[in-house]
Amino acid sequence: MKFDAGFYQRYYRDPDTRVASRADALRLGRFICAYTAYLGFMVRRVLDAGCGLGQMKPAVREFFPRARYVGLEASEYLCRRHGWVRGSVADYRPRAAFDLVICHDVLQYLPDREATRALRNLGQLSRGALYFSVLTAEDWRRNADRALTDSGVRLRPAAWYRSRLARYFRPLGGGLMARRGYSPLLWELERPWRRQAPRRGELI
């Protein structure tokens, strides 16, 4: 896929064809950063993997003003325009890991083998928290606005991602995960709920 000016005009800038606005991205970024801070992660380095237009950066600056923000992007067009680091999350190898890694709506564009490498690499890139989201096959069936959402992607089951991420992370809710070995305090009802089969006669 060609991530050129036309792609970002259609899916990010044009109000008639974009799937989410800059304000939507800011709300998501504030949630990610607020939840990360609430859980006690010390954030000095932030990687926005597949940063696109950099719409998460204002929230990072708001919550972690002293942190170093690195935008990683495969699009040559965006790297020229915004000065991001050009590269792929599948093989990016910085000198030091990051306290918070954000990887939002990226891996659905990668083939299976490259996406598997990227998930493995996220386990090396994050030494604390990871926010991860991706369009899954279930989302395409139940949640996505098909008139606006880019359909030229790999639609994998959510379990495909969970099984690979679980080798390195444990979920904290809301798409945020902690690197294994780091155990922020969560009260019982703050934890992700495990789906349980209803008991006989129980209303659902």
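The values are calculated or read from the model by the stated rules, or taken from the named source; none is laboratory data. This structure is a prediction, so every number in the text was calculated from the model and none was measured. So basically every Cβ, Gly included, is an ideal-geometry build from the backbone, and we count neighbours across all protein chains shown.
For region 105-120, which positions are under 15 Å from Met177 (Cα atoms) and over 13 Å from the mean Cα position of the chain (by Cα)?
Our first condition is that a residue be under 15 Å from Met177 (Cα atoms); within region 105-120, this holds for 119-120.
Residue satisfying the conditions is Arg120 alone.
Tell me whether region 118-127 contains one or more residues that are among the hydroxyl-bearing types (Ser, Thr, Tyr) and not in a strand (DSSP E or B).
So the first thing to find is which residues in region 118-127 are among the hydroxyl-bearing types (Ser, Thr, Tyr), and the list is 126.
Next, only the ones that are not in a strand (DSSP E or B) stay: none.
Looking through region 118-127, none of the residues is among the hydroxyl-bearing types (Ser, Thr, Tyr) and not in a strand (DSSP E or B).
Looking for something basic (Lys, Arg), part of a strand (DSSP E or B), out of contact with any Leu (no Cβ under 7 Å at 6 or more places or on another chain) and modelled with pLDDT of 95 or more - is there at least one such residue anywhere in region 157-168?
So in region 157-168, the residues basic (Lys, Arg) come out as 162, 164, 167.
Of the ones still in play, those that are also part of a strand (DSSP E or B) are none.
Taking every residue of region 157-168 in turn, none turns out to be basic (Lys, Arg), part of a strand (DSSP E or B), out of contact with any Leu (no Cβ under 7 Å at 6 or more places or on another chain) and modelled with pLDDT of 95 or more.
For region 100-121, does any single residue satisfy the condition of being closer than 26 Å to Val60 by Cα, in contact with a strand residue (DSSP E or B) (Cβ under 9 Å, 6 or more places away or on another chain), in contact (Cβ under 8 Å) with a residue 24 or more places away in the chain and of a type in the set (Phe, Trp, Tyr)?
There is no residue in region 100-121 that is closer than 26 Å to Val60 by Cα, in contact with a strand residue (DSSP E or B) (Cβ under 9 Å, 6 or more places away or on another chain), in contact (Cβ under 8 Å) with a residue 24 or more places away in the chain and of a type in the set (Phe, Trp, Tyr).
Six or more apart or on different chains, Cβ under 9 Å: which pairs go from a residue in region 147-158 that's farther than 18 Å from Pro15 by Cα to one that's loosely packed, with under 15 Cβ neighbours inside 10 Å and at pLDDT below 85? Could you list them?
Taking only residues 6 or more apart or on different chains, the pairs are Gly152/Met1; Val153/Met1.
Among the residues of region 54-99, write down those that are out of contact with any Cys (no Cβ under 9 Å at 6 or more places or on another chain) and of a type in the set (A, V, I, L, M, F, W, C).
Hits for region 54-99 are Ala67, Ala74, Cys79, Ala90, Ala96, Ala97, Phe98.
Criterion first (hydroxyl-bearing (Ser, Thr, Tyr), under 22 Å from Leu172 (Cα atoms) and surrounded by fewer than 18 Cβ atoms within 10 Å (Cβ to Cβ)) does Tyr77 satisfy it? If you could, list the steps in order and put the result at the bottom.
Details: hydroxyl-bearing (Ser, Thr, Tyr): yes; under 22 Å from Leu172 (Cα atoms): no; surrounded by fewer than 18 Cβ atoms within 10 Å (Cβ to Cβ): yes.
Taking the combined requirement at face value, the residue does not satisfy it.
Take region 168-197 and flag every residue that is among the basic types (Lys, Arg) and under 17 Å from the mean Cα position of the chain (by Cα).
Filtering region 168-197 down to residues among the basic types (Lys, Arg) leaves 170, 179-180, 191, 194-195.
Result: Arg170, Arg179.
When the residues of region 130-156 are narrowed to those that are touching a helix residue (DSSP H, G or I) at 6+ places or on another chain (Cβ under 8 Å) and assigned to a strand (DSSP E or B), which ends up surrounded by the fewest Cβ atoms within 10 Å (Cβ to Cβ)?
If we take residues in region 130-156 being touching a helix residue (DSSP H, G or I) at 6+ places or on another chain (Cβ under 8 Å) and assigned to a strand (DSSP E or B), then Phe132 is surrounded by the fewest Cβ atoms within 10 Å (Cβ to Cβ).
Can you tell which of Arg117, Arg146, Arg127, Arg113 is among the basic types (Lys, Arg) and modelled with pLDDT under 95?
Arg146
Is it the case that region 172-192 has a residue that's part of a helix (DSSP H, G or I), in contact with a Ser or Thr (Cβ under 7 Å, 6 or more places away or on another chain) and not hydrophobic (A, V, I, L, M, F, W, C)?
Quick first cut of region 172-192, residues part of a helix (DSSP H, G or I) only: 188-190.
Pick out the ones that are also in contact with a Ser or Thr (Cβ under 7 Å, 6 or more places away or on another chain) and you get none.
No - not one qualifying residue is present in region 172-192.
Taking region 48-93, which residues are of a type in the set (Phe, Trp, Tyr) and over 15 Å from Phe3 (Cα atoms)?
Within region 48-93, the first condition is being of a type in the set (Phe, Trp, Tyr), and the residues that meet it are 63-64, 69, 77, 84, 92.
Listed by number, the residues that qualify are Phe63, Phe64, Tyr69, Tyr92.
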